[in-house]
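Asker: Structure provided below as structure tokens; questions to follow.
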Amino acid sequence: GQQLNQSPQSMFIQEGEDVSMNCTSSSIFNTWLWYKQDPGEGPVLLIALYKAGELTSNGRLTAQFGITRKDSFLNISASIPSDVGIYFCAGQVNTGKLIFGQGTTLQVKP
Amino acid sequence: ETGVTQTPRHLVMGMTNKKSLKCEQHLGHNAMYWYKQSAKKPLELMFVYNFKEQTENNSVPSRFSPECPNSSHLFLHLHTLQPEDSALYLCASSQESQPSAKNIQYFGAGTRLSVL
């Protein structure tokens, strides 16, 4: 079946550093979404991407929809302690179904 | 607050118990979803409802029984579960379930289920 490979699985960084994570697949997606999940909570939408090549920012977050429609990346600039959590990518396929990556666990050292 | 409310937040049940999870969305959406989230695994889609009609059952065992009485409410009835069913169960809603920009899914906080 369709799968997303999300990397890295985990990151431990110093406050103020920039972070980059990505998702790749052998399948084409119509929409890419990035979610963040805090402990004990459900995923919260960060950024939605609708067109190949699209680059979108949300504060310190920037995400891009790969030109091949098979990948996406998320960058976080100048990380702060509240950026801690699990980040998920999700791709929407032709049926409307979302396929999720395995998640990237981010820890930020003050 | 995402506009999707799940109750209870935590549930412990024995393998012979019957319990139900509840989800309510206040976003005016027409599609609702149940997902299972286990440690170290991607979110697994279980069921999709669109305008109260079930449109997807992702090969879920019959011990999980969904119910969608209206577009705002979704239930997951549980009976004779197994310990491996312990997980975080997430509900989500979207404006519609078809492939479009209107299929952005908003999640509840989940129910943490432990089966003893």
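The values are calculated or read from the model by the stated rules, or taken from the named source; none is laboratory data. Bear in mind the structure is a predicted one, so any value in this text is a computation, not a measurement. FYI the Cβ positions are ideal-geometry reconstructions off the backbone, even for glycines, and counts take in every protein chain you see. Side chains included, ligands, DNA and RNA excluded: accessible areas come from the protein's heavy atoms. Shrake-Rupley method; radii C 1.70, N 1.55, O 1.52, S 1.80 Å.
Asker: Check off (1) within 13 Å of chain A (Cβ to nearest Cβ); (2) crowded, with 17+ Cβ neighbours inside 10 Å; (3) not in a loop (DSSP other than H, G, I, E, B) for B:Thr55 and give me the number that stays unchecked.
Answerer: It is condition (2) that B:Thr55 fails.
Asker: Here is a further query. So which strands (runs of 3 or more DSSP E) stay within the stretch A:22-110 end to end and still have 2 or more residues that are buried (at least 22 other Cβ atoms within 10 Å of the Cβ) and within 10 Å of chain B (Cβ to nearest Cβ)?
Answerer: A:31-37, A:85-92, A:98-100
Asker: Moving to a separate point now. Confirm whether B:Ala87 is under 26 Å from A:Gly91 (Cα atoms), open to solvent by less than 10 Å² (accessible area, probe 1.4 Å) and more than 11 Å from every other protein chain (Cβ to nearest Cβ).
Answerer: Yes: the conditions hold for B:Ala87.
Asker: If you check B:Val12 against the conditions, is it of a type in the set (A, V, I, L, M, F, W, C) and within 9 Å of chain A (Cβ to nearest Cβ)?
Answerer: In short, no.
Asker: Identify, from the list B:Pro61, B:Pro83, the residue that is out of contact with any strand residue (DSSP E or B) (no Cβ under 6 Å at 6 or more places or on another chain) and not aliphatic (A, V, I, L, M).
Answerer: B:Pro61
Asker: So, in the stretch B:1-36, exactly how many residues are among the β-branched types (Val, Ile, Thr), part of a strand (DSSP E or B), closer than 19 Å to A:Asp38 by Cβ and over 13 Å from the mean Cα position of the chain (by Cα)?
Answerer: Total satisfying the criteria: 0.
Asker: Can you confirm whether the stretch B:44-51 contains a residue that is farther than 19 Å from A:Gly101 by Cα, over 14 Å from the mean Cα position of the chain (by Cα) and more than 9 Å from chain A (Cβ to nearest Cβ)?
Answerer: Within the stretch B:44-51, one or more residues are farther than 19 Å from A:Gly101 by Cα, over 14 Å from the mean Cα position of the chain (by Cα) and more than 9 Å from chain A (Cβ to nearest Cβ).
Asker: Exactly one of these conditions fails for B:Phe47: (1) under 28 Å from A:Asp38 (Cβ atoms); (2) at pLDDT below 90; (3) open to solvent by less than 60 Å² (accessible area, probe 1.4 Å). Give me its number.
Answerer: It fails just one condition, (2).
Asker: Which numbered condition in (1) closer than 26 Å to B:Phe47 by Cβ; (2) in contact with a Phe, Trp or Tyr (Cβ under 8 Å, 6 or more places away or on another chain) is the only one that A:Ile47 fails?
Answerer: Failed condition: (1).
Asker: Limited to the stretch B:72-116, what total is found for residues that are touching a Gly at 6+ places or on another chain (Cβ under 9 Å) and among the β-branched types (Val, Ile, Thr)?
Answerer: Number of matching residues: 1.
Asker: Mind checking which residues of the stretch B:98-116 are within 7 Å of chain A (Cβ to nearest Cβ), open to solvent by less than 10 Å² (accessible area, probe 1.4 Å) and outside any helix (DSSP H, G or I)?
Answerer: Correct list: B:Gln105, B:Phe107, B:Gly108, B:Gly110.
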